[in-house]
1. Suppose every Lys and Arg Cβ carries +1 and every Asp and Glu Cβ carries -1, with no other charges. What dipole size does segment 45-146 come out with about its Cα centre, to the nearest 20 debye?
2. Based on the Cα coordinates of segment 1-100, what is the per residue volume of their convex hull in Å³?
3. Using only the C-alpha atoms of segment 49-143, find the volume of their convex hull and express it per residue in Å³.
4. What does the helix-only formula give at 222 nm for the chain: each DSSP H stretch with n ≥ 4 adding -39500 (n - 2.57), the total divided by the residues, and the result rounded to the nearest 500 deg cm²/dmol?
5. Find out how many positive minus negative residues lie around residue 178, taking Lys and Arg as positive, Asp and Glu as negative, among other residues whose Cβ is under 9 Å from that of residue 178.
6. Within a 10 angstrom radius of the beta carbon, how do 96, 171, 126 rank from fewest other beta carbons to most?
7. Excluding residue 45 itself, what net charge comes from residues whose Cβ is under 9 Å from its Cβ, given Lys and Arg +1 and Asp and Glu -1?
8. Would you mind listing how long the chain runs along its three principal axes, going by Cα atoms, in whole Å with the largest first?
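Values in this text are rule-based calculations from the coordinates and carry no lab data. Worth saying up front: this structure is predicted, and the values here are computed from it rather than measured. In this analysis, Cβ positions are derived from the backbone assuming ideal geometry, glycine residues included, and neighbour counts consider all displayed protein chains.
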Amino acid sequence: MKKLLVSEQEIKEICARIGKEITDKFIGDENPPIIIGVLKGAAPFMMDLIKEIKCFVELDFVQYSSYQRTKSTGVVVMKKDISTDIKGRNVIIVEDIVDTGKTFAKMVEYLHTYEPLHIYTCTLLDKKARREVEFECDFVGKEIPNYFVYGYGLDYLEYFRNTKEIYYIDDEKIIIDELNNKKEWNY
Ligand code: IMP
C-alpha cells in the first residue's frame with residue numbers, strides 16, 4: 001500500500017505561502033530575481049510556485065546528481081549549467097528536497113563564482129535531521145522525518161515524478177513489486 005506524506009491540498013498551500021513570501025520580498029525591487037530550478041525533481045514544484053509569485057521573475061534551470069537508488073552518493077556532479085547571466089542579480093535556487101545538504105551547499109558555492117548579488121534558497125521538503133553540512137534554506141515548504149519520499153517530481157528509480165501527491169517508502173519491497181508490474185498504476 002502506498003503511504004501518503006504530503007497531499008495535493010497541502011502542496012497547494014505551501015506554494016501559495018512561499019509564493020507570497022517571495023512576492024513580499026521582491027515586489028517593487030528593480031532587480032527581479034532569477035529563479036533557478038534544480039532538474040529534474042524540482043520542476044513540478046517550481047512550475048506551481050511561480051504561478052503564486054506576483055512580481056517580475058526570470059527562470060532558469062540547473063541539473064546535478066548525487067543520488068543512486070535511495071542513497072546519497074555524497075559526490076555531486078553537475079550535468080547542466082545555467083544559461084542566464086546572473087552577475088549582480090538576485091537568485092533563488094528552487095529544490096525539491098534537502099537531505100544531507102551537500103547538493104545545495106555545492107550549488108550555492110558554484111553559482112557564487114558567477115558573482116550574483118545574493119543567492120536565496122528554497123526547498124519544498126527538508127529532511128533536517130539528516131544534515132551533514134551546515135545549511136539553512138531561506139524558504140522551506142515542509143520539514144519531514146527521515147523517510148525516502150517520492151512523487152510530485154521526486155523519483156524512485158526515475159519513476160513516480162508525475163503524481164500530484166508525495167508518498168514515503170516504509171517497505172521498499174512494495175515499490176519494487178509495483179515497478180515489476182508496470183501495467184498497473186495505483187496513484
Ligand atoms: P543532498 O545532497 O543529500 O541534500 O540530496 C539532495 C538531492 O537528493 C535532492 O535534490 C534529491 O534529488 C535527492 N533526494 C534526497 N532525498 C530524497 C528522497 O527522499 N527522495 C528522492 N530524492 C531524494
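1. The calculation lands at about 360 debye.
2. That works out to 121 Å³ per residue.
3. 110
4. Mean residue ellipticity at 222 nm (helix-derived): -7500 deg cm²/dmol.
5. Local charge sum for residue 178: 0.
6. So the ranking, lowest neighbour count to highest, is 171, 126, 96.
7. -3
8. Dimensions of the chain along the principal axes of its Cα atoms: 52, 34, 30 Å.
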